[in-house]
1. From the helices alone, meaning DSSP H stretches of at least four residues, give me the mean residue ellipticity at 222 nm for the chain, per-run term -39500 (n - 2.57), in deg cm²/dmol to the nearest 500.
2. Please state the relative contact order of the chain as a whole percent: Cα pairs under 8 Å, 6+ residues apart?
3. What do you get for trypsin sites (Lys or Arg not before Pro) in the stretch 1-82 restricted to DSSP loop and a cutoff of at most 16 other Cβ within 10 Å of the site's Cβ?
4. What is the helix-to-structure angle for 69-90, meaning the angle in degrees between its Cα long axis and the longest Cα principal axis of the chain, kept from 0 to 90 and rounded to the nearest 10?
5. Along each principal axis of its Cα atoms, how long is the stretch 1-93 end to end? Whole angstroms, biggest number first, please.
6. Using Cα pairs under 8 angstrom and six or more residues apart, how large is the relative contact order of the stretch 1-93, in percent?
7. Short version: ³J(HN,Hα) in whole Hz for each residue of the stretch 121-127, in order, from phi by Karplus 6.51 cos²θ - 1.76 cosθ + 1.60 (θ = phi - 60°), x for Gly and Pro, what are they?
8. Hey, how many Å between the Cα centroid of the stretch 106-181 and the Cα centroid of the stretch 9-66?
Amino acid sequence: MLIQIANLLLQVTVSIVAGACLLRCYFQWLAFNLGTGQGNSIGAYLLPLTNWIVLPLRRVTRSIGRFDVASLLAAYLLVLAKIVVLSLIVGISPFTVSWLIFALIDLLDLTLSGLIGLVLASVILSWVGAGSQIQYLVSLLVEPLLTPIRRVLPNLGAIDLSPLVLLLGLQILQIVLNNLK
């Protein structure tokens with residue numbers, strides 16, 4: 001029972017903070033300004049949640065173009081720390097190479113879950129929150145993923161099947177990842 005509680009608490013905490021690190025990395029890739037001077041900008045929430053781990057990592061790593069290596073590394077280290085703590089609680093031997101692989105698979109799974117959440121939020125907000133600031137932000141994040149799919153799919157007028165195709169593709173990737181575990 002205590003292991004399940006520890007797993008739940010670690011999973012939620014790491015998912016939130018590592019997910020924020022991944023979101024920060026994605027925002028930088030999209031050249032989105034996370035400046036804190038905008039008041040109620042997403043950066044006002046995202047930066048304080050991630051600065052404690054990303055800023056020290058920036059001292060030892062450099063970005064590659066628009067790709068924020070420090071944010072991705074921070075997310076990976078958080079997932080790895082969760083796996084190490086849970087392994088030690090369960091009583092698995094100290095450091096094994098499999099921890100590194102499991103952390104990579106968990107990070108990819110977290111990324112896919114986050115993308116699925118963004119696509120679902122985009123679809124729902126397009127129905128109920130059209131024109132809102134949050135709908136604009138979510139669309140900004142999802143559009144780069146939907147655009148290549150829209151180029152391939154036939155135009156059905158008012159019906160856009162690209163989110164469905166993207167969701168199916170993301171879920172297939174999750175199935176493949178889960179089978180790798």
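1. -26500 deg cm²/dmol
2. Computed over the chain, the figure is 20 percent.
3. Arg59, Arg62, Arg66
4. Helix 69-90 and the main axis of the chain meet at about 50 degrees.
5. Sorted largest first, the three principal extents are 44, 29, 19 Å.
6. Contact order relative to length: 37 percent.
7. Values per residue, Gly and Pro as x: 4, 4, 5, 5, 5, 5, 7 Hz.
8. Centre-to-centre (Cα) distance: 21 Å.
Every number in this text was worked out from the coordinates using simple rules, so none of it is lab data. Because the structure is predicted, anything quoted here is derived from the model rather than measured. Glycine also receives a Cβ, built like all others from the backbone with ideal geometry; neighbour counts cover every protein chain displayed.
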